[in-house]
């Protein structure tokens, strides 16, 4: 039987300087292989759950 795994994780990238807005990033996991990418959007830290 063929089994595969797939996962998506969205997270805020921690900047060197403390800022209220941070870049939103995406991590994709397919069968244990990880790839990270920036979505090039900013998000307010206080609105992140």
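The values are calculated or read from the model by the stated rules, or taken from the named source; none is laboratory data. Owing to the predicted nature of the structure, the values given are computational and were not obtained by experimental measurement. Cβ sites come from the backbone with ideal geometry, for glycine too, and all protein chains shown count toward neighbours.
For segment 1-13, how many residues are surrounded by fewer than 12 Cβ atoms within 10 Å (Cβ to Cβ) and in a strand (DSSP E or B)?
Within segment 1-13, residues that are surrounded by fewer than 12 Cβ atoms within 10 Å (Cβ to Cβ) and in a strand (DSSP E or B) number 5.
Count, please, the residues in segment 14-33 that happen to be modelled with pLDDT of 90 or more, exposed (fewer than 11 other Cβ atoms within 10 Å of the Cβ) and under 14 Å from residue 43 (Cβ atoms).
Residues meeting the conditions: 0.
Counting only residues that are in contact (Cβ under 8 Å) with a residue 24 or more places away in the chain and over 17 Å from the mean Cα position of the chain (by Cα), which one in segment 1-18 is nearest to residue 49 (Cα to Cα)?
5
Limited to segment 23-38, what total is found for residues that are touching a strand residue (DSSP E or B) at 6+ places or on another chain (Cβ under 7 Å) and touching a residue at least 24 places away in the same chain (Cβ under 8 Å)?
The total comes to 3.
Quick one: count up the residues across segment 39-49 that are in contact with a strand residue (DSSP E or B) (Cβ under 8 Å, 6 or more places away or on another chain) and either outside any strand (DSSP E or B) or under 30 Å from residue 3 (Cβ atoms) (or both).
Result for segment 39-49: 3.
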